[in-house]
Amino acid sequence: MVQSPMISCPLKQTNEIDWIRPLKDYIRQSYGEDPDRYSQECATLNRLRQDMRGAGKDSATGRDLLYRYYGQLELLDLRFPVDENHIKISFTWYDAFTHKPTSQYSLAYEKASIIFNISAVLSCHAANQNRAEDAGLKTAYHSFQASAGMFTYINENFLHAPSTDLNRETVKALIHITLAQSQEVFLEKQIADNKKAGLLAKLASQSAYLYSQAAEAIQEFCKGIFDKVWSIVVQTKAAHMASVASYYQALADSESGSHGVAIARLQFAEKNSAAAMGWAKSFPSSVSPNTNLSSESGTNLLDVVKFHLANVQAKLAVFKKDNDFIYHQPVPSEAGLSAVAKLPAAKAIPVSELYQGQDIQRIIGPDIFQKLVPMSVTETASLYDEEKAKLIRAETEKVEMANGEMAASLDYLKLPGSLNILKGGMDQEMEVDEEFRRWCQELAGHQPFIKALDDLQDRKSEILGQLDQCSKKLDLEESVCEKMRSKYGADWSQQPSARLNTTLRGDIRTYRDTINEASASDAQLLSTLRQYEADFDEMRSAGETDEADVLFQRAMIKAGSKHGKGKNGLGSPYASTPEGNLLDDVYDEGSPSVSEQIARVEAILKKLNLVKRERSQVLKDLKEKVHNDDISNVLILNKKSITGQESQLFEAELEKFRPHQNRLLQANHKQASLMKELTKIYGDLLQDKRVRSEQSKYEAITRQRNTVMTRYKKVYDAFNGLLSGTVQAQTFYTEMAETVENLKKNVEAFINNRRSEGAQLLGQIERERSNSATEQEDREREKLRQLMERLSTEPKTTTPAPPSAGAMAPPLPSKAKSPPPAVQTPAYNPSLASPKNSPAFPPGQQHGVPLSHSPAPYGQYMPHGATGMPYHPGQPYQQGAAAPLSEGYNPMAYPVPPAASPPPAQQFYSSTPTPFSSYSGPTPPAAPSAFLPQGYVPPPPPPRPQQTNYPSSSGPFPSGPGGYAQSRPYGASQHHKAQSQSSQSQGQSGSSTDPWAGLNAWK
């Protein structure tokens, strides 16, 4: 039989474009990656588009090429915004019917055109099938529906079509045509299978309805779009399918006895066939290639209509004859006929179902730009990962809980350990615990702690000694400062040490308190050592000689003797005599033996272990499957459809793990059942009177073992505590020694600074006072000379007078600064004793540690602008060294700028001093001239004593002028009250070299 011709949609044509450069530019700008890394991916996409342009009309390969390119465009759209604002590519497509070009920068236009071509290829593939064969018929039926589904997808997802072939009404007409043809193909299959006339009538009626819908759409909306041949074919098939529906409905009515109605329907079918004949005859002899119809299509269509019309006319003649001779039923009019019911057998297949049952990943291929993952997909995948993690956590928690319940139950029942006692394996309990053996091995070879603790005590004593030295040095410096202040009064302007050394003394106190606190910890370590020293030695020896088992057994026996009789009156198992094995006992017939009951318990324990292993393996497999589960491709392919429905998608995806969850649940139920059975059987076993005695022995052994392990656990913990405590103490004392050493340096720096400051201040005070005393003596001599001149009765001659102190003293050179007026000092009082030394620090006491911030009185330093003796260039600077106050407190131990003092043999800064011009003793007031004989000449001053060389002092005090070895009861303010003026001049000579001479004399 001749096949009815089928309409197929023509394909859209397109120009070639370049994907490579725009994509590379965007990768460089937006992703910040090297575009050369993606050269192959860009070239692959470009090649896919070229292959798509050459896709065949009616081949599955062409369909797959189009669908692969479309799938890659969907994946591309997730990463690259292709529009006129971002990746600007002009897509030019030609209208499938009018052939007019349309260009846009939108990727949606490219995707819609590709889907249109997929629909067109599907319709061509269906139209070209040989429907005489079942395979061809089925392929045509499915492909027409798939084409309708693709056209439907265009209408649902792409609005504002830029070309007429993508227009909503045009696409709707194509949907009606493809569905009508699919319905017609299904009808052909049913006719070939000789189905009932009523069913065939309904199928034909639906096909006629769809063809009529397509004809209306072509007439109303698609004039000038589709070729006229399409309209002829659609109109012909609409009338033909209506005739077929009436024909089969007439057969059905005739079978049901409605012969008159059957005749009327046949008459209506003949009418429709005549109309179809008229449309078929108008089919042109030559058609356009764009219609996808051949010149034979018109002939075939006309043959189909003619063949059907002949059948209708033949059947009508038979029915009329039968009705005229037999039935005599009235024939209703055409208007009185009811419409034939419709039965849809074709529907548009959605895109999501198009490749159902096929490997969609195989058709689309791998994601070309899978290395560039869009952020939205990553975020959704991370949410799914969290759902998977929740599932794993829940299942892991269930498994751990089940394992914990099993362990707790077996521990409560003392299984499987108690079975060893019942089977005669009590001797195994005497074996040394592996943990105990490890403890002994760790103690082996360790040095005793006593040496380390003694070293800590030595270091602590050394640190405390340094702190005491620092305190003594600070006390000595403060004492010297206050004594100098007491001696010189307001002239001693150095700040009190107590204000400056507060921080240093606070640090000393803090460090001493810290050491005292550490001493308590040291004492605790020592107490712990003495408490466990014997145990340490035992375990160390056992570890070194590998005799841990001997020590353990000895401890077990000792623990057994301490326990004595148990609560049940039984003695320790180690002290009792061996008893028979329970497995050897003979029981009464009818009751299971102990060995049988133990075997049952062991069998259940094996089952429990198998359940535990199986559960662990299932959990491991579940974790691995969850770890390897990746739905990124699913998320990418359904990115637009799952928006807002992620939770439903996650639930559907997590269902793939349901079998593993069910297996874990079954394992837990099985474990609960086995534990219940084990508890009952083991309880019955323990109720046996013979078993009870063995159970008591087991409990006694367990108690002893626990006692031994607890005791040596304390010893081991004490060892670790001592070890860590000793290391911490050594670290502490090391850090404290460094800290105290820094403190010591600060104290020394403080004392050195204070000494330097004091030395400068003392030198200034001595110079000022020396200048004041010299000026006073000069004034007294001048007054005496003038008085002697007035009292002299001899005439004045040019003969030079004998040398005298007043006459020979040259005038002092002018000073840089006028000296202060002479200070009136009280007369010497022999009853006043010299100030006493501090009882806390006698002169001979030595201190060896200096202090920190304030400069100490050291050396001679002349401040700029200070009053004192003028400087003469011919006299070099000299620096003398006075005898130190003590060995640890030597003011002259550091070099300082020397003061401008005259050398020891020179008393005044003059070019030709008189030999005894240094005599400055107070002159008694002169008597009135009436009591003096005429011509009286004052006697010359006593001869100047030679400078005395003092022997070195062997005592605790220094010798020399002003040294501690000389006990002269006068201070610096009583120079002219001395016994000998020469001694005073000698002392002045020394003080000009040693600025601490006054301090020495005071002390």
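The values are calculated or read from the model by the stated rules, or taken from the named source; none is laboratory data. Quick caveat: nothing in here was measured; it's all calculated off a predicted structure. In this analysis, Cβ positions are derived from the backbone assuming ideal geometry, glycine residues included, and neighbour counts consider all displayed protein chains. Just so you know, the surface numbers come from the protein's heavy atoms only, side chains and all, with ligands and any DNA or RNA stripped out. Shrake-Rupley method; radii C 1.70, N 1.55, O 1.52, S 1.80 Å.
Summary table
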| item | result |
| --- | --- |
| Test: Glu216 is open to solvent by 30 Å² or more (accessible area, probe 1.4 Å) and touching a helix residue (DSSP H, G or I) at 6+ places or on another chain (Cβ under 8 Å) | no |
| Test result for Arg540, touching a Cys at 6+ places or on another chain (Cβ under 8 Å), under 27 Å from Asn720 (Cα atoms) and among the charged types (D, E, K, R) | yes |
| Condition check for Thr510: open to solvent by 50 Å² or more (accessible area, probe 1.4 Å) and in contact with a His (Cβ under 9 Å, 6 or more places away or on another chain) | no |
| Any chance Leu664 is more than 31 Å from the chain's Cα centre (by Cα), crowded, with 16+ Cβ neighbours inside 10 Å and assigned by the TED database to the domain that holds Tyr384 | yes |
| Residue tally, condition buried (at least 19 other Cβ atoms within 10 Å of the Cβ) and of a type in the set (D, E, K, R), over region 484-504 | 1 |
| Only one of Ala242, Ala274, Ala314 that is over 19 Å from Ala201 (Cβ atoms) and in a helix (DSSP H, G or I) | Ala274 |
| Every residue from region 735-746 that is more than 34 Å from the chain's Cα centre (by Cα) and open to solvent by 10 Å² or more (accessible area, probe 1.4 Å) | Met736, Ala737, Glu738, Thr739, Glu741, Asn742, Lys744, Lys745, Asn746 |
| Test result for Lys639, modelled with pLDDT under 95, outside any helix (DSSP H, G or I) and open to solvent by 30 Å² or more (accessible area, probe 1.4 Å) | yes |
| Selection from region 131-171 of residues that are more than 15 Å from Ala112 (Cβ to Cβ) and either open to solvent by 20 Å² or more (accessible area, probe 1.4 Å) or outside any helix (DSSP H, G or I) (or both) | Arg131, Ala132, Glu133, Asp134, Ala135, Lys138, Thr139, Tyr141, His142, Glu169 |
| Cβ pairs under 7 Å, 6+ apart, first in region 722-738 and closer than 21 Å to Asp535 by Cβ, second of a type in the set (Phe, Trp, Tyr) and part of a helix (DSSP H, G or I) | Leu722/Phe449; Thr726/Phe449 |
| Top-ranked residue in region 229-256 [being surrounded by fewer than 23 Cβ atoms within 10 Å (Cβ to Cβ) and without any contact (Cβ under 8 Å) to a residue 40 or more places away in the chain; ranked as farthest from Ile7 (Cα to Cα)] | Ser256 |
